[in-house]
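Student: What follows is a structure written as structure tokens; I'll ask about it next.
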Amino acid sequence: MQERVSVHPVYHPSGAYRVAVFRRSDGCYRYAVEARCVLSAADKPLWTADFDHSRSGIYDSPEAALHDAERDIVWLTGCPVTTLQSARGEKEERVDQVEVDLTAVMTSQDLHVALADALGFPEFYGRNWDAFWDAITGLVQMPRRLRLAGWTLLASRLPSDARQMRSCLHDMSRQYPEWASEVEYD
């Protein structure tokens, strides 16, 4: 059994979305993207349900559920979070440069902790390469320049992780060039 506790509009360049947050009987929360508003031929708002809204996880708070709903709207539409922030009227300046010191990184876990700390990933960051992709393309605003100090050492210690990280950063620069960082592998 679950109870609807709130409904939120989420504004996005592809339209407005209606997100409901539910409290489950165990006290946890989930969300459902219930509808998307588009303009009809007569310029009237028309709510549709033409998408998969079954992606919700289980959350400790309604705020965490809503945050993940916004992230999924970004993921489903292919539009970076910075565009979503602009649609909500937020004016967040991109940081000019971030340096990540990789010299002390010995394990994959160390690497993900260093990246999360330097780039400001949320607490729920999953510390794997799928989560890294989600974070850089939908959860944080990447700096204009990203300097990876100790890259050669990292690549010799963790070659697979180095390849995957380089691939994610390269793919972002191809798919979202206006939001990607210029990366310096130092």
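All of the numbers you see were taken from the coordinates with simple rules; none came from a lab. Remember, predicted model here, so these are calculated numbers, not experimental data. As a convention, Cβ positions derive from the backbone with ideal geometry for all residues, glycine included, and neighbour counts pool all protein chains shown.
Student: What nm distance separates the two modelled labels at Ser167 and Phe124, each placed 7 Å from Cα along Cα→Cβ?
Tutor: Going by the 7 Å Cα→Cβ label model, 2.6 nm.
Student: Moving on. Just to confirm a number: summing +1 for Lys and Arg and -1 for Asp and Glu over residues other than Ala155 whose beta-carbon lies under 11 angstrom from that of Ala155, what do you get?
Tutor: Values: positive: Arg157, Arg163, Arg166; negative: Asp161.
Combined, the nearby Lys, Arg, Asp and Glu give +2.
Student: Mind giving me the FRET efficiency for Asp26 and Ala131? R0 is 30 Å, r the Cβ-Cβ distance, nearest 0.05 is fine. Kindly include the intermediate steps, with their values, before the conclusion.
Tutor: Numbers: r = 25 Å, r/R0 = 0.82.
Plugging the Cβ-Cβ distance into 1/(1 + (r/R0)^6) gives 0.75.
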